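Worksheet: one structure, shown below.
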Amino acid sequence: MTVYKPFYRWLESMGQADWAQQLCRFTEQRLADDFHGKMPLWQQALTTLPVVKPSVLELKTQVKVGTAEDLAGYDQSAFIDLVKTFHPWRKGPYHLFDIHIDTEWRSDWKWDRVLPHISPLSGRKVLDVGGGNGYHGWRMVGEGASMVMGIDPTLVFSMQYQLMQHFIQSDRHFVFPIGIEHMPDKLHLFDTVFSMGVLYHRRSPLQHLMELRQCLRVGGELVLETLVIDGGEGMTLMPEERYAKMRNVWFIPSVPTMLVWLRKCGFKNIRCVDENLTTLDEQRATEWMTFESLKDFLDPHDNRKTIEGYPAPKRAVFIADAP
């Protein structure tokens with residue numbers, strides 16, 4: 001698709017012409033795999049978007065695109081309905097022509113917790129694994145990253161990215177509908193790799209860490225955020241069935257165990273820089289994400305526990321360097 005052509009050209013300039021061709025073919029295939037039958041609706045919505053050059057573009061302190069005056073002559077309620085075609089909006093928030101897309105997650109809060117601890121992103125090549133619709137990627141561009149590649153296999157997230165890209169027209173940020181397993185072996189291309197909210201969804205956490213390591217250049221920086229439990233070295237929760245109603249949660253380590261896993265995979269200068277309990281203010285249902293959210297995943301009589309009786313979601317951020 002034309003939206004990705006600048007990225008393919010960039011890959012070629014990085015000596016990755018073969019991968020650029022493979023990625024192009026695979027991306028087209030993924031976007032054609034319309035499992036839920038919604039792709040025609042999404043594509044129609046994209047072609048219906050007004051052609052407007054935003055008078056305001058702010059990506060450093062928030063993601064704000066345009067003002068209401070930019071849409072003069074367009075029916076705002078019809079535009080909101082068009083944007084809601086891409087429900088559910090999980091990561092954000094976005095401010096699009098003064099419309100507040102109040103997403104399920106206050107992803108800006110997570111960004112504010114992570115940003116003080118990472119190497120400055122100015123001029124860096126960044127991979128955002130499991131980045132959803134690209135919210136954090138836009139913030140990375142706001143911090144001066146030279147190129148951001150977001151990957152997430154959920155198709156609606158790529159469509160949400162394309163909606164925002166329609167107006168932002170960035171040549172430094174691209175979200176692809178693929179997973180980490182589709183990245184080339186021994187790539188060693190990126191200066192910084194983010195994996196936030198992914199590790200516990202992987203059947204093999206050590207394999208995931210090695211996949212992340214292979215995407216980093218020597219000395220590159222890993223920024224990893226994951227669910228954790230309280231406990232000492234060697235402690236790991238493996239839910240028998242579901243965790244907070246999620247089927248695909250495999251391993252939730254303690255902080256000391258996570259540090260061991262990172263060392264086992266060869267990472268250096270490893271540190272845990274933040275621990276934070278997820279609150280009902282940070283993750284909740286909104287008019288832009290009307291499905292169940294954190295409130296429904298916790299014990300209604302004791303929000304220190306999930307509905308299954310496990311410890312409520314607690315997240316930690318780890319920073320490490322690739323050898």
If you check every pair at least six apart or on different chains, which have Cβ atoms under 6 Å apart with a residue in the range 15-36 that is within 27 Å of His87 (Cα to Cα) first and a residue that is open to solvent by less than 40 Å² (accessible area, probe 1.4 Å) second?
Cys24/Tyr8; Thr27/Phe176; Arg30/Pro177
Find the residue count for the range 283-309, including only residues that are assigned to a strand (DSSP E or B), of a type in the set (Lys, Arg) and surrounded by 12 or more Cβ atoms within 10 Å (Cβ to Cβ).
1
When the range 245-265 is checked residue by residue, the ones that are part of a loop (DSSP other than H, G, I, E, B) and either open to solvent by 50 Å² or more (accessible area, probe 1.4 Å) or more than 14 Å from Pro311 (Cβ to Cβ) (or both) are Lys245, Arg247, Asn248, Trp250, Phe251, Cys265
Conditions (1) within 18 Å of Ala244 (Cβ to Cβ); (2) of a type in the set (D, E, K, R); (3) free of Cβ contacts under 8 Å to residues at least 60 places away in the same chain; (4) open to solvent by 60 Å² or more (accessible area, probe 1.4 Å); number of the one not met by Arg271:
(1)
For the structure I just gave you, tell me whether Thr257 is over 20 Å from Arg113 (Cβ atoms), touching a Phe, Trp or Tyr at 6+ places or on another chain (Cβ under 6 Å) and of a type in the set (S, T, N, Q).
no
Would you mention how many residues in the range 150-188 are part of a loop (DSSP other than H, G, I, E, B) and more than 13 Å from the chain's Cα centre (by Cα)?
10
Under 6 Å by Cβ, and 6 or more places apart or on different chains, what pairs join a residue from the range 103-118 that is under 15 Å from Gly137 (Cα atoms) with one that is among the acidic types (Asp, Glu) and modelled with pLDDT of 95 or more?
Arg106/Glu282; Trp109/Glu282
The number of residues in the range 202-244 that are hydrophobic (A, V, I, L, M, F, W, C), closer than 26 Å to Asp299 by Cβ and either in a helix (DSSP H, G or I) or open to solvent by less than 20 Å² (accessible area, probe 1.4 Å) (or both) is 3
Looking at Arg90 and the list (1) free of Cβ contacts under 8 Å to residues at least 40 places away in the same chain; (2) under 11 Å from the mean Cα position of the chain (by Cα); (3) over 21 Å from Val273 (Cα atoms), which single condition is not satisfied?
(1)
Can you name every one of the helices (runs of 4 or more DSSP H) wholly within the range 35-144 that holds 1 or more residues which are open to solvent by 30 Å² or more (accessible area, probe 1.4 Å)?
39-48, 76-83, 107-114
Within the range 310-320, can one find any residue that is aromatic (Phe, Trp, Tyr), at pLDDT 95 or above and part of a strand (DSSP E or B)?
yes
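The values are calculated or read from the model by the stated rules, or taken from the named source; none is laboratory data. None of these values were measured; they are calculated from a predicted model. Counting neighbours? That spans all protein chains shown, and the Cβs are built from the backbone with ideal geometry, glycine included. Side chains are part of the model used for accessible areas, which takes the heavy atoms of the whole protein and leaves out ligands, DNA and RNA. Shrake-Rupley method; radii C 1.70, N 1.55, O 1.52, S 1.80 Å.
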